[in-house]
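Working notes for the structure below.
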Amino acid sequence: QVQLVESGGGLVQAGGSLRLSCAASGRTFSNYAMGWFRQAPGKAREFVAYISWSGGASTGYAASVAGRFTISRDSAKNTMYLQMNNLKPEDTAVYYCAAGDNTGVVVQGLGSWGQGTQVTVSS
């Protein structure tokens with residue numbers, strides 16, 4: 001079982017930036033994938049982005065964040081990042097780190113989860 005710990009959330013004004021981190025432990029990641037989901041108050045949890053842990057990494061983004069958010073990884077640290085630029089009030093949510101055996105598992109929300117970190121964007 002993989003353990004996931006998110007950090008980096010906070011309070012920012014619209015147009016600002018944050019970088020979220022997710023530290024993973026408990027297994028190796030040579031054949032693995034990770035991603036980010038978010039859940040706004042009163043809304044369902046939604047997919048944000050994914051990144052593969054294979055040598056030839058691939059990434060994908062939800063349309064709502066494409067062009068503003070960038071997902072990346074540091075394999076040596078078993079850590080995934082989400083650089084969030086030009087934040088909007090609608091980005092306000094609890095952001096969750098996810099991990100699984102492949103990108104399909106991650107995108108479908110069927111893998112492991114962290115406890116989340118709060119991102120609040122004021123207008």
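The values are calculated or read from the model by the stated rules, or taken from the named source; none is laboratory data. Please read all numbers here as calculations on a predicted model, not as lab measurements. For neighbour counting, all protein chains shown are included, and Cβ atoms are generated from backbone atoms with ideal geometry for every residue, glycine included. Ligands, DNA and RNA are stripped out before the accessible areas are found, and what is left, the full protein with its side chains, is counted by its heavy atoms. Shrake-Rupley method; radii C 1.70, N 1.55, O 1.52, S 1.80 Å.
Structure summary
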read-out	value
Approximate spin-label separation Q115-A62, in nm, with each point projected 7 Å along Cα-to-Cβ	2.3 nm
Compactness of the chain, expressed as Rg and Dmax over alpha-carbon positions, Å	13.4, 41
Derived scalar couplings ³J(HN,Hα) [segment 105-119; Karplus, 6.51 cos²θ - 1.76 cosθ + 1.60; whole Hz; x for Gly, Pro]	4, 5, 4, 7, x, 9, x, 8, 9, x, 8, x, 9, 7, 10
Accessible-area value, W53, 1.4 Å probe, nucleic acids and ligands omitted, Å²	10 Å²
